[in-house]
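Heads up, the thing below is written out as C-alpha cells.
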Amino acid sequence: MKIKRFLATVLSVLTLLSVFSVIAFAAEETTTPVAKYTFELTSGPSKTEYYDYEKFEPDGITVSIKDSTGSVVETVYYSSDISYRFKFSPKASNILSVDVKEVSVTLDGQFVANVPVTVNHRLEENSSLGSTKHGTKCFGCGYVVPDSMEDHIWKYSDDEEWERNDDSTFTRDETESNFCTKCNHEIKRDIDGTAGYDVEFFEYQFLRDLMSYIEILLDLIYGSIKR
C-alpha cells in the first residue's frame, strides 16, 4: 500500500513538472527577443529632388549603430567603398519615376529608414494635342502633361503680313500662312484683291460662275496637253 502511494506521489510530481516545463517553453517562445543593436539614420542623402530620368544618389547618408544601452558603437558614412553594405528600394541603379515618394534604406540587412524624395517631370519639349491646343512634353518619360495646355502662340499678329504661298488666279485670291511657334500648326487666309478681276465686275453672279467654268476648262486642256 505504501509503495502504491509513493508511486502515485512520484507520478503527480512528474506530471506537475511536465506542465510547468510546457508553460515555461511556451512563454519563452512567445517572448520577442530584444535586438542587440539598433540602426538610426542620423543624416539623409544630400539630394532629394530628382527628375524622372535620374537615379537615386545615396551620398550624404549616415547611419549610427547603437547597442542596447543606447551607446553608438559604429557610425557608417555611405561611400562607394562600402556600398555593398547598403541596399535601397527602389534600387540605386534604377531610373526613378514620378510615382516614387520615398526610398527605403537598409544597412547590413537591417532596415534603417524610408527617405522622402520628390521626382518631377522635366518639361522641355512642346507637342501638339490637336488643332487648337498643345501640352508640354516630359524630357524623361515622354509624357505630355495636360495641365500645361495653352493656346497657340502665333508667329505673326493679325495686322501683320503673313508668309505668302499660293499664287493667285483670275478667280482665286492668293493665300498667306501663319504658324504656331510652339507646335508649328499652320493656318491660312486669303489675301483679298489679288485675284485678276474687278470687284464690281463680279457683282454679276453668272459672270463669276462663267469665269470659274472657263478656268476649270483651261486647267483640263492644259493638263491634257502636258500628258
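Numbers below:
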| read-out | value |
| --- | --- |
| Average Cα contact separation per residue, segment 66-125, under 8 Å, 6 or more apart, as relative contact order % | 25 percent |
| Violating pairs (Cα-Cα greater than 18 angstrom) within the set Lys66/Lys101; Lys155/Lys182; Lys47/Lys101; Lys36/Lys66 | Lys66/Lys101 |
| Burial ranking of peptide ranges 62-69, 48-55 (average Cβ count within 10 Å, highest at the top) | 48-55, 62-69 |
| For peptides 98-108, 77-87, sequence by mean Cβ density within 10 Å, most packed first | 98-108, 77-87 |
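Bear in mind these aren't lab numbers, they're just calculated from the coordinates by the rules spelled out. Just so it is clear, the structure is predicted and the values come from calculations on it, not from any experiment. Ideal geometry is used to build each Cβ from the backbone, glycine not excepted, and the neighbour counts take in all protein chains shown.
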